[in-house]
Amino acid sequence: MIRIIDSYLDRITMYRLMLYYLLVLIGIALVFGFIGTLQYAPLTIFSSLVVLVSVCVLVNTFFSTILKVPTNLESAYITALILTFIMTPLASVDSLWIFGLVGFLAMASKYVLAINKKHLFNPVAISVVLLSMTTGVYADWWAGHISMLPFVVIGGLLIMRKTRKEYMLVSLFFTASVASSLFALFRSENILLALNTTLVSSAFCFLGFVMFTEPLTTPPTKKMQLIYGGIVGFLFPQQLQIGTLYLTPELSLVLGNIFSFLVSPKQRLVLYLKEKIQLAPDIAEFVFKPDRRVAFSPGQYMEWTLSHHHTDSRGSRRYFTLASSPTEDTLRLGVKLSQNGSSFKRALSAISEKVPVVASQLSGEFVLPDDKTRKMVFIAGGIGVTPFRSIVTYLLDTKETRQVVMLYANKLVSDIVYKDIFDRAEKELGIKTIYSLTDKDSVPKGWKGRVGRIDANVIGEEVPDWKDRYFYLSGPHPMVTGYEDVLRQMGLPKRQIKTDFFPGYA
């Protein structure tokens, strides 16, 4: 069942999934409003949505045009939808200015409250905080109504699965539970009632699944994400007051965002194409020249935004591993292209030197271990070889020796890319690369590599000391999970397996 869900989730970006999820929640809220389960009439909910969408889209377009930054309408729609769920629905024209102001603050914060073009705060959270500070109007968080809870949780679990942020959300929920219990104990209140108020009869689940997982304000590593979850979780149930300012759900998230920003990379680059290189019949390398040196670890990825018309369900944002090394002065992407590919890839394939592309959200832990004596095996399938190109190029340029064996599988010999780099690494660093072709009917005469899929027998033959090594797996999701199963069946512990996973907001 999990693999069926994963198969669906792999075909849609996180942004599009979030958009559909929120639209479904709006539909459910309209029905509940109509039958009286919610206290708000459908017309007030729908009017709020229309006003907020209009304001968010207009403000986002204005700032992106003035600052000449590619716009992403999905982001504006998602922001408007979230605001609809936490602001008291529009009951009269007298409240229009409040909706106009909060929508403006949310979208403007992405551009104004930013450093190096990277925004500091969750746009919805900071807009509501600023609204309460300036006008005394607080968020209603009606999405936390008990009738909405099952639907918030079901969709939220899909979000969690897509982003693979289970550990971060567990940290949030666990810390909030502990903090709520201790807070109730200190006040001599009923602990079970306090837990119910915090985790069930509140907006906690909506904040956790929808706003807390917002990628641009999330730390890049698991350790920092756990701390981030702990900070927000601890602050959420603390009903404290500082002057006229209450510690609200949105303020707890904003305070967590400050920590996240401090420990996260600050780059948000606007790049232009320098060169396009055809590496294989359906694989191209896109070379971008940044205006400043970009600090990253070989093997990491970034989110790439390319605005284009008629976007499909995969949207205008994608995650790609950097194929380049930090030692190079360009940023390189190795991308598999096809005529029936996504609208993003079709737009990327046709990109010119005058079209801007935004690269941000540097992240990923598919990197070399600090222990230089650790022995490793790299297993790559198809275009999944790009992080290994980054790592191996870095080792070559720094003349750093690591004990690495790479197993690289492709369907055809023409699909093999970066062979010159891997052959050079074998001569200079002793990094052995074993090539394998999976299409047995198309193996050329004189082929010296292996034939067939990489299985337990291949691993055992090519890497006799495999039990002592750490395995890095990169490629299509089904391939990666398949190799994980093979390695676990061989008896390799999970701690010795690292996978190159792209979060779903792409």
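The values are calculated or read from the model by the stated rules, or taken from the named source; none is laboratory data. Predicted, not measured: the structure shown is a model, and the values here were computed from it. Neighbour counts are summed over all protein chains in view; Cβ atoms, including those assigned to glycine, are modelled from backbone coordinates with ideal geometry.
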Picked from region 72-83 (must be of a type in the set (A, V, I, L, M) and surrounded by fewer than 24 Cβ atoms within 10 Å (Cβ to Cβ)), the residue nearest to the chain's Cα centre (by Cα) is Ile78
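Name the residue that is nearest to the chain's Cα centre (by Cα), counting only residues in region 102-118 that are buried (at least 21 other Cβ atoms within 10 Å of the Cβ) and not β-branched (Val, Ile, Thr).
Taking region 102-118 first, the residues buried (at least 21 other Cβ atoms within 10 Å of the Cβ) are 102-103, 105-107, 109-110.
So of that shortlist, the ones also not β-branched (Val, Ile, Thr) come out as 103, 105-107, 109-110.
On the way: Gly103: 24, Leu105: 24, Ala106: 20, Met107: 20, Ser109: 20, Lys110: 17 Å.
The extreme case among them is Lys110.
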Residues of region 397-446 being surrounded by fewer than 16 Cβ atoms within 10 Å (Cβ to Cβ), of a type in the set (D, E, K, R) and closer than 20 Å to Pro369 by Cβ, in sequence order, are Asp397, Lys399, Glu400, Lys432
One residue is enough: does region 84-100 have a residue meeting the conditions within 29 Å of the chain's Cα centre (by Cα), surrounded by 17 or more Cβ atoms within 10 Å (Cβ to Cβ), closer than 23 Å to Val152 by Cα and β-branched (Val, Ile, Thr)? yes
Filtering region 283-327 down to residues that are surrounded by 15 or more Cβ atoms within 10 Å (Cβ to Cβ), at pLDDT 90 or above and assigned to a loop (DSSP other than H, G, I, E, B) yields Phe296, Ser297, Pro298, Gly299, Gln300, Leu322, Ala323, Ser324, Ser325, Pro326
* Evaluate the following for Leu216: is it farther than 30 Å from Gln267 by Cβ, assigned to a helix (DSSP H, G or I) and not assigned by TED's automatic domain parsing to the domain that holds Asp291? => no
Per the filter on region 190-209, residues among the hydroxyl-bearing types (Ser, Thr, Tyr) and either touching a Cys at 6+ places or on another chain (Cβ under 8 Å) or not in a helix (DSSP H, G or I) (or both) are Ser201, Ser202
Restricting region 358-382 to residues that are at pLDDT 90 or above and of a type in the set (Val, Ile, Thr), the one nearest to His308 (Cα to Cα) turns out to be Val367
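Yes or no, residue by residue, for (1) outside the structural domain of Thr13 (by TED's automatic domain parsing); (2) surrounded by 14 or more Cβ atoms within 10 Å (Cβ to Cβ); (3) more than 20 Å from the chain's Cα centre (by Cα); (4) not in a loop (DSSP other than H, G, I, E, B):
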position: Leu158; (1), (2), (3), (4): no, yes, no, yes
position: Ser171; (1), (2), (3), (4): no, yes, no, yes
position: Leu185; (1), (2), (3), (4): no, no, yes, yes
position: Ser188; (1), (2), (3), (4): no, no, yes, no
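Which ones in region 433-457 are in contact with a Phe, Trp or Tyr (Cβ under 6 Å, 6 or more places away or on another chain) and not polar (S, T, N, Q)?
Within region 433-457, the first condition is being in contact with a Phe, Trp or Tyr (Cβ under 6 Å, 6 or more places away or on another chain), and the residues that meet it are 433, 435, 449.
Result: Tyr435, Gly449.
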The correct count of residues that are surrounded by 12 or more Cβ atoms within 10 Å (Cβ to Cβ) and outside any loop (DSSP other than H, G, I, E, B) in region 479-502 is 13
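With the structure loaded, tell me whether Met133 is more than 22 Å from the chain's Cα centre (by Cα), under 20 Å from Glu250 (Cβ atoms) and crowded, with 17+ Cβ neighbours inside 10 Å or whether it fails that test. If you could, list the steps in order and put the result at the bottom.
Values: more than 22 Å from the chain's Cα centre (by Cα): yes; under 20 Å from Glu250 (Cβ atoms): yes; crowded, with 17+ Cβ neighbours inside 10 Å: no.
In short, no.
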